Amino acid sequence: MKRIALVLALVGSIFVPTANPQSHPAATAATYLGFDRNNYPGDQNLKVLRQTFSYTGFWLNLPPSAKINTWSGKRRMLQSAGFGFLVLFNGRLFNELKSVSYASKLGKSDAQAAVAAARKEGFPQRTIIFLDQEQGGRMLPEQRAYIYAWVDGVTAGGFLAGIYCSGISAQKEGGEDIVTADDIRQNAGARKIVYWITNDACPPSPGCVFPKRAPSPADSGIHLADVWQFAQSPKRPAVAASCPGYNPDGNCYPPEISVAQHLHIDVNTATTADPSHGRSR
């Protein structure tokens, strides 16, 4: 779905995350697999996908590099097929933010767009909307201004705010030893943010696999993770070269669907079958 690109960090402090078992007392609670991808998988594939996955990503605006949003209008169909949701809004890249003041205004207007889109699609109030933060490493002032203005705007609109971001130390890809999720949390103040982290490095990722007992988000090494994306398509050689289960073309494909369809996916785990709480209540 998304490639986490590194932003060069400007400050040199080091933070090494450690898992905190006490923050996940229900370590043996049920876990659920889900998938996400930029393009809608097609109505004809929903029944087969539902045999493996409890929930799916759902884009409210254009996914990265897309020209159209093929998820638009599909919420009812997906819910009828039995899926829960990971509701996503594609955020801005650093080069779009210009300045702190402009980034704040952009975050506010994008939050309003996210709320309007969620309502149009029929998602109930207090659905968690995840901001897709594509760039990783330490967030620069403009990025922080944008993220927190967006979080505040979504919350003010009656929804809950989450963020999709890297849970891997930027050091693995040539940056400093900073984990994006921890950096965002440490600077969030009293804001309540739900974290969907990506860490496709093996270990801790099991690779492109679909176990009946899915790993816990806490197994990602980020104690604050509510959702863990542990496999991406295509495989990222810099961090996932040793990961098993991927097709020779480098992609992760779901069970029981022909590779000829090229229906590559990213794979996630959560402790609920509806991580965004987006099903009609």
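The values are calculated or read from the model by the stated rules, or taken from the named source; none is laboratory data. All values derive from a computational prediction rather than experimental measurement. Cβ placement follows ideal geometry from the backbone for every residue including glycine, while neighbour counts extend to all protein chains displayed. We work out accessible area using only protein heavy atoms, side chains counted, and drop any ligands, DNA or RNA first. Shrake-Rupley method; radii C 1.70, N 1.55, O 1.52, S 1.80 Å.
Data for the structure
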quantity: Those Cys residues of the chain for which no other cysteine Cβ falls under 4.7 Å; calculated: C165
quantity: Per-residue SASA entry for F210, accessible area with 1.4 Å probe, Å² rounded to 10; calculated: 60 Å²
quantity: Nearby aspartates and glutamates by direct alpha-carbon distance to K47 (threshold 13 angstrom, same-chain neighbours under 8 apart not counted); calculated: E256
quantity: Average Cα contact separation per residue, the chain, under 8 Å, 6 or more apart, as relative contact order %; calculated: 26 percent
quantity: Listed peptides 144-150, 256-262, 99-105, 161-167 by packing density, highest first (mean Cβ within 10 Å); calculated: 161-167, 144-150, 99-105, 256-262
quantity: Accessible-area value, R119, 1.4 Å probe, nucleic acids and ligands omitted, Å²; calculated: 130 Å²
quantity: K192 paired with N45, simple spin-label distance in nm, labels 7 Å along Cα-to-beta-carbon; calculated: 3.6 nm
quantity: Residues of type aspartates and glutamates that K108 reaches as a straight line, Cα spacing below 18 Å, ignoring anything fewer than 8 places off in the same chain; calculated: E96, D132, E142, D152
quantity: Ranked by how many other beta carbons lie within 10 Å on average, peptides 57-70, 76-89 from highest; calculated: 76-89, 57-70
quantity: Residue order for D200, D274 - accessible surface, 1.4 angstrom probe, largest first; calculated: D274, D200
quantity: Dipole of the chain, positive end: most advanced residue of V87, S233, G189 [Cβ charges, Cα centre]; calculated: V87
quantity: Full-extension gain in nm, I68 to K120, via 0.36 nm per residue minus C-alpha separation; calculated: 17.0 nm
